[in-house]
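Have a look at the structure below, then the notes.
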Amino acid sequence: MNIHFIDPLTDARWNDFVACHPQASAFHERGWLEALSRTYGYKPLALTTATVNEPLNDAMVLCRVSSWITGTRLVSLPFADHCEPLLNGPAELAEYMICLREECDRRGWRYVELRPFSSAPEVGNGLRPSASFWTHELDTTPSLEQLFRGLHENSFRRKIRRAEKEHLSYEVGNSQSLLDEFYRLLLVTRRRHKVLPQPRAWFRNLIEGLGDKLQVRLASKDGVAVGAMLTLRHQSSLVYKYGCSDESHHTSGAMPFLFWKLVEEAKATGVDKIDLGRTDLDNEGLIRFKDRLGTTRKLMTYYRYSDGKEHRGMTGWSSRGFRGFCSILPDTLFTTAGGVLYRHIG
């Protein structure tokens with residue numbers, strides 16, 4: 001099998017391939033890859049068996065992440081919850097891994113990481129499990145009445161009714177004003193959780209790359225934004241990627257209200273599933289929150305081929321002391337630190 005490297009940012013076949021492949025997701029979109037490149041300097045590349053004059057019928061997309069702190073590696077894909085190899089079976093994946101192992105060894109890269117969603121690759125091709133997460137998916141094909149009954153009474157149905165009584169207003173789109181309110185709430189939420197925020201440029205670049213496939217949903221109380229979410233659409237699937245809120249207004253039911261608006265709009269626009277992303281296995285609060293939406297939970301595992309050497313890394317960036325320090329930084333330094341460090345995480 002002859003495998004070739006192509007540039008998905010410039011190859012004219014990429015958009016049509018992603019639009020037609022049944023296992024492609026929002027994370028395969030050129031707009032996602034462009035935002036990774038423009039924000040963090042990552043180099044997207046794809047492997048395929050198609051020659052330059054043939055249509056694409058298989059591909060694996062990755063990004064080269066180069067960092068003086070965490071080393072150089074290939075990741076499929078950075079900051080994506082999952083990225084399915086768009087191949088034609090396990091035998092083809094084995095051939096692709098031979099190519100990736102040879103490239104990794106030849107260039108002295110730290111590792112290759114795959115983040116498949118639907119199936120686990122065979123471990124005999126040099127891959128080993130590296131991390132596991134829960135994923136949650138909501139099937140939106142039942143009626144709205146059935147979906148509403150599937151919500152947890154106290155966590156969602158009661159709070160949705162409360163939001164209606166509170167007369168929360170609702171906006172959706174990807175305008176600069178909506179992005180500004182979303183990012184303000186993101187900073188509040190990330191500070192509350194004592195983690196650094198993504199740089200504003202990341203979201204601006206996502207909007208520029210994905211256009212109307214990206215939507216910001218905003219809930220406001222008396223003209224003040226109290227909850228927001230950012231979603232990505234690919235074909236008949238929606239990804240709930242980021243959510244944020246003002247804790248002082250949690251009793252207004254803003255986030256359950258936004259989730260229900262998302263479900264209503266999904267039904268109205270032909271979306272048949274909502275992907276709620278990955279959750280750390282020990283994050284019991286978030287797992288419970290997603291379970292109570294009536295979702296289906298599934299274990300997802302990432303896999304790596306590594307050079308086997310010890311490497312330095314950012315082992316302290318998520319420590320309690322570092323998180324506490326970040327939480328007291330002024331806004332300017334808070335956002336700057338996120339912009340500096342995120343490019344090393346990938």
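Readers should treat all values here as calculations from the given coordinates under stated rules, not as data from a laboratory. Owing to the predicted nature of the structure, the values given are computational and were not obtained by experimental measurement. Note that we place each Cβ from the backbone using ideal geometry, even for glycine, and neighbour counts take in every protein chain shown.
Of note:
- Cα gyration tensor, segment 60-141 - rounded (a/c under 1.5), prolate or oblate: oblate
- Among the listed pairs LYS159/LYS261; LYS213/LYS267; LYS267/LYS298; LYS221/LYS267; LYS165/LYS267; LYS261/LYS290, those beyond 18 Å (Cα-Cα): LYS267/LYS298; LYS221/LYS267; LYS165/LYS267
- Segment 141-271: C-alpha gyration tensor shape, a/c 1.5 cut-off, then a/b vs b/c: oblate
- In degrees, nearest ten, helix 254-268 long axis to first principal axis of the chain (Cα): 70
- 19 Å tail of the calculated P(r), segment 11-170, as % of Cα pairs: 65
- Summary: within the chain, the longest segment free of GluC sites (Glu not before Pro) located in DSSP loops with at most 16 other C-beta atoms within 10 Å is 123-309.
- The angle separating the long axis of helix 200-210 from the principal Cα axis of greatest extent in the chain is about 80 degrees.
- Excluding exposed DSSP-loop trypsin sites (Lys or Arg not before Pro) (at most 14 other C-beta within 10 Å), longest clean stretch of the chain: 1-308
- Between GLU54 and ASN283, the modelled label-to-label distance comes to 4.1 nm, taking each label 7 Å out from Cα in the direction of the beta carbon.
- The residues neighbouring ALA80, those whose beta-carbon lies less than 13 Å from its own, together hold a net charge of -2 under the Lys/Arg +1, Asp/Glu -1 convention.
- Of the chymotrypsin sites (Phe, Trp or Tyr not before Pro) found in segment 40-114, those that fall in a DSSP loop while having at most 10 other beta-carbon atoms within 10 Å are TRP68.
- Computed about its Cα centre, the charge dipole of segment 128-212 is approximately 640 debye, with only Lys, Arg, Asp and Glu carrying charge at their Cβ.
- In terms of overall dimensions, the chain has a Cα radius of gyration and Dmax of 20.6, 63 angstrom.
- Taking the longest Cα principal axis of the chain as reference, the axis of helix 331-345 is set at about 30 degrees.
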